[in-house]
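Here's the structure we're looking at; comments come further down.
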Amino acid sequence: MDLALLRTFVTVHRAGSFTRAAALLGLSQPAVTSQIRTLERQLGRPLFLRQARGVTPTTIGDELAHKAAPHLDALVEIAERGLDDESSLRTLHLAGPPEFTAERALPALTELTGEDGQGFALRASFGTAEETLEGLASGHHDLAISTARPRGALLTATPLCDEEHVLVAAPRWVERIDTEALRLKGAPALENLPVVEIHESLPFVSRYWASVFDSRPAASGAVIVPDLRAVLACAVAGAGLAVLPRYLCGSALNDGTIAALHDPVVPPLRTYFLVVRTGTLAMPHVARAHEWLLRAATAWC
């Protein structure tokens, strides 16, 4: 059986789409369709059910993918390790949310690209979880950090770490809050404070309110800036209260330029996932970065 046909088949099985598989393989969609039809003729059985959006594997298709994929991944690993030995530098394309990628992932990965680096250059891009996962699935990135766990077989996600969210404000706002009322009444004690957020929908504040106060925030955003680092700067300047990841505001909390307004028994958490296209951990530079980030994340939690 032609290995090229099997490779195309496994890629379609993981992608769930001839179009997406074609992009990943660097082929035209008609070429992918032709290869799958050739394989189906050789086997005498249908491998996929064609649908309006993508394809669904038949039971025969699932069985073949289960048997063939590990061996194809092993062949890729052998080929890539040979290439890695011959090439002094590979490029890792990383994508993720701007703040976490800049503050956590990039400093960790640059340890692998410095003077003691182990053979890869680094290119990073920022985006939302949806943009990042779509770019990874389309082959634009090698490794992604996402706050959403992807569905389907094309992408494989590993929990990376949890971030704790903290309700903060500059000291002058803290002095105006009735802490006893906040403890007894919760969110109503904060209704008159301005809010700093990354979007008009108040995603961080709304998540905190729902988790801690079991309610929705009554206030609208006083300052909206599309970057959590800018939210922190505005909160420090006294623009209003904000909900921020502890890793981002920890130094400001320690030096007193902002203060925590509330200390819930169970603080809100958000999980980050480290995501790759299934099978690409066979590539040494991807596997090395993946392992390094997981190791580094043990100190972030």
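The values are calculated or read from the model by the stated rules, or taken from the named source; none is laboratory data. Source: prediction; values computed, not measured. Neighbour counts run over all protein chains shown; Cβ positions are idealised from the backbone, glycine included.
Within the stretch 55-135, considering only strands (runs of 3 or more DSSP E) that don't extend past its boundaries, which have at least 1 residues that are buried (at least 17 other Cβ atoms within 10 Å of the Cβ), modelled with pLDDT of 90 or more and β-branched (Val, Ile, Thr)? Can you show your working first?
Numbers: elements: 55-57, 90-96, 120-126.
Correct list: 55-57.
Does VAL168 meet the test of being at pLDDT 95 or above, out of contact with any Phe, Trp or Tyr (no Cβ under 6 Å at 6 or more places or on another chain) and either under 30 Å from ASP62 (Cβ atoms) or outside the structural domain of GLU130 (by TED's automatic domain parsing) (or both)? Criteria met by VAL168. Among the residues of the stretch 219-243, those that are surrounded by 22 or more Cβ atoms within 10 Å (Cβ to Cβ) and assigned to a helix (DSSP H, G or I) comprise LEU228, VAL231, LEU232, ALA235. Would you confirm whether or not the stretch 6-28 contains a residue that is over 16 Å from LEU72 (Cβ atoms), of a type in the set (Val, Ile, Thr) and in contact with a Pro (Cβ under 6 Å, 6 or more places away or on another chain)? Checked the stretch 6-28: no residue is over 16 Å from LEU72 (Cβ atoms), of a type in the set (Val, Ile, Thr) and in contact with a Pro (Cβ under 6 Å, 6 or more places away or on another chain). Out of everything in the stretch 150-161 that is modelled with pLDDT under 95 and loosely packed, with under 15 Cβ neighbours inside 10 Å, what residue ends up being farthest from the chain's Cα centre (by Cα)? Per the criteria, the residue is GLY152. For PRO245, the criteria (1) in the same structural domain as VAL195 (by TED's automatic domain parsing); (2) over 20 Å from LEU106 (Cα atoms); (3) under 21 Å from the mean Cα position of the chain (by Cα) hold in every case but one, which is (2).
Looking across the stretch 250-301 at every residue that is assigned to a helix (DSSP H, G or I) and within 30 Å of ALA189 (Cα to Cα), the one that is farthest from the chain's Cα centre (by Cα) is identified as ASP255. The single residue among VAL212, VAL174 that is at pLDDT below 95 and in contact with a Pro (Cβ under 6 Å, 6 or more places away or on another chain) turns out to be VAL212. Exactly one residue out of ARG295, ARG216 is closer than 29 Å to HIS141 by Cα, free of Cβ contacts under 8 Å to residues at least 12 places away in the same chain and either among the small types (Gly, Ala, Ser) or surrounded by fewer than 16 Cβ atoms within 10 Å (Cβ to Cβ) (or both): that is ARG295. Screening ARG50, ARG20 for residues that are modelled with pLDDT under 90 and surrounded by 20 or more Cβ atoms within 10 Å (Cβ to Cβ) leaves exactly one candidate, ARG20. Residues in the stretch 253-301 that are within 27 Å of ASP214 (Cβ to Cβ) and of a type in the set (Val, Ile, Thr): ILE258, VAL265, VAL266, THR271.
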